[in-house]
Amino acid sequence: VQLQASGGGLVQAGGSLRLSCAASGRTFNSYAMGWFRQAPGKERELAARISWNGTPYYADSVKGRFTISRDNAKNTVYLQMNSLKPEDTAVYYCAATMRLGVSFDYWGQGTQVTVSS
């Protein structure tokens, strides 16, 4: 599966952005999808993931502010980010796996999110 992320940009603290990740292939609804992020000088971390049947999981740092969703008809996963903070600044990556709990095997290119204070 090939993944194409979009929707990043520059936003002020407290603002919102919606990231999209379009997937190729006919078996999108078989994949769990995730959004990861990597800030400068830090390791990549999971922000949110969603199972093939729509069950979400959020990192504590984004819980209550971010919402992950998927549209299987459009082969797309979204990350709605509200109440953004400067510490949310990072390159965001979408990823896919059929082995949830083991690893994410497919990765898209990153999209930069910058939150100014």
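The values are calculated or read from the model by the stated rules, or taken from the named source; none is laboratory data. Values in this document were obtained by computation on a predicted structure and should not be read as measured data. SASA here: full protein model, heavy atoms, side chains in, ligands and nucleic acids out. Shrake-Rupley method; radii C 1.70, N 1.55, O 1.52, S 1.80 Å.
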Distribution of pairwise C-alpha distances over the chain, 10 Å bins, in %: 15, 51, 29, 5, 0
Protein accessible area in the chain, 1.4 Å probe - carbon and sulfur %: 47
Antiparallel content of DSSP bridges confined to the chain, in %, to 5: 90
Per residue accessible area of the stretch 1-62, 1.4 Å probe, in Å²: 57
Reachable lysines from Lys42, criterion Cα separation under 27 angstrom, eight or more residues apart if same chain: Lys63, Lys85
